[in-house]
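The values are calculated or read from the model by the stated rules, or taken from the named source; none is laboratory data. Only a predicted model underlies this, so the values are computations on that prediction, with no experimental measurement involved. Counting neighbours? That spans all protein chains shown, and the Cβs are built from the backbone with ideal geometry, glycine included.
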Amino acid sequence: MQDAFPIAAAGTIAASAALHLRCTGVRVRCESCGAETEVPTNRLVCGRCDDWRTTLVSGDELLLERVELDGPGKARQAEESTHV
């Protein structure tokens, strides 16, 4: 996402936008021992017994928390709402 954003934003109104990401841990639930553990990315084995039969519990979600408008885009947005 961090690498793709500047490419996707180039030549658009978002060209000067900043993207701030906050990564959370990856958690799995083991089908063998039942433990739920935080594991390194791309190593989805149980943190307790090292079994590979796990189910991803969290860490693959993407949540947009906030969008802040500033500068010319903000003025344009206000102008558009007054011409309704």
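Observations on the model:
- Scanning segment 57-69 for any residue that is of a type outside the set (Gly, Ala, Ser), modelled with pLDDT of 95 or more and closer than 28 Å to residue 1 by Cβ turns up at least one such residue.
- Residue list for segment 1-48, filter: among the hydroxyl-bearing types (Ser, Thr, Tyr) and part of a loop (DSSP other than H, G, I, E, B): 12, 16, 24, 32, 41
- Across segment 16-32, the qualifying residues are those that are touching a Cys at 6+ places or on another chain (Cβ under 9 Å) and surrounded by 14 or more Cβ atoms within 10 Å (Cβ to Cβ), and the one among them that is nearest to residue 2 (Cα to Cα) is 28.
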